[in-house]
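A.B. asks: Handing you a structure now.
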Amino acid sequence: MEFEMYSDEGDQMCAQVFNDVKTVILGEKFITEYELETLVWNKIKEVSKTHREVYDTEPRWHLERRINEALKERGYGYRLDL
């Protein structure tokens, strides 16, 4: 997956964030908008410890788009806005 990070390692970390979040979204337990937003920002904060560019527009846009696709796929009635 391409997240427009400065390195392959950064892209891999963003892909892991997305995969972790998607697992929660597609899980059996409903996740509220607040819980999802908190989860995503905590994961982004972890990535930022070694890859500050995760806060740039492009990586956040890619994460937001993919997460919103997963929300739609699962039938959630809200969207994430990073």
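The values are calculated or read from the model by the stated rules, or taken from the named source; none is laboratory data. None of the values given here were measured: they were computed from a predicted structure. Don't worry about glycine lacking a Cβ; one is built from the backbone with ideal geometry, like all the others, and counts go over all protein chains shown. The protein model used for the area step is the full one, side chains on, heavy atoms only, and it has no ligands, DNA or RNA in it. Shrake-Rupley method; radii C 1.70, N 1.55, O 1.52, S 1.80 Å.
A.B. asks: So, in the stretch 56-65, exactly how many residues are surrounded by fewer than 17 Cβ atoms within 10 Å (Cβ to Cβ) and under 13 Å from MET13 (Cβ atoms)?
C.D. replies: Within the stretch 56-65, residues that are surrounded by fewer than 17 Cβ atoms within 10 Å (Cβ to Cβ) and under 13 Å from MET13 (Cβ atoms) number 0.
A.B. asks: Could you go through the stretch 66-82 and let me know if any residue there is touching a Leu at 6+ places or on another chain (Cβ under 8 Å), open to solvent by 50 Å² or more (accessible area, probe 1.4 Å) and closer than 16 Å to PHE3 by Cα.
C.D. replies: In the first step, residues of the stretch 66-82 are kept if they are touching a Leu at 6+ places or on another chain (Cβ under 8 Å); the result is 67-68, 70-71, 73-74, 78-80, 82.
So of that shortlist, the ones also open to solvent by 50 Å² or more (accessible area, probe 1.4 Å) come out as 73-74, 79.
Applying the additional criterion that residues be closer than 16 Å to PHE3 by Cα yields none.
Scanning the stretch 66-82 turns up no residue that is touching a Leu at 6+ places or on another chain (Cβ under 8 Å), open to solvent by 50 Å² or more (accessible area, probe 1.4 Å) and closer than 16 Å to PHE3 by Cα.
A.B. asks: Also, quick follow-up: For PHE30, state whether it is at negative phi, of a type in the set (Phe, Trp, Tyr), touching a residue at least 60 places away in the same chain (Cβ under 8 Å) and out of contact with any strand residue (DSSP E or B) (no Cβ under 8 Å at 6 or more places or on another chain).
C.D. replies: no
A.B. asks: Could you tell me how many of the residues in the stretch 48-65 are in contact (Cβ under 8 Å) with a residue 12 or more places away in the chain and under 15 Å from GLU2 (Cβ atoms)?
C.D. replies: Of the residues in the stretch 48-65, 11 are in contact (Cβ under 8 Å) with a residue 12 or more places away in the chain and under 15 Å from GLU2 (Cβ atoms).
A.B. asks: Select from the stretch 1-27 the residues that are without any contact (Cβ under 8 Å) to a residue 40 or more places away in the chain, of a type outside the set (A, V, I, L, M, F, W, C) and closer than 17 Å to GLU73 by Cβ and write down the one among them that is most open to solvent (accessible area, probe 1.4 Å).
C.D. replies: THR23
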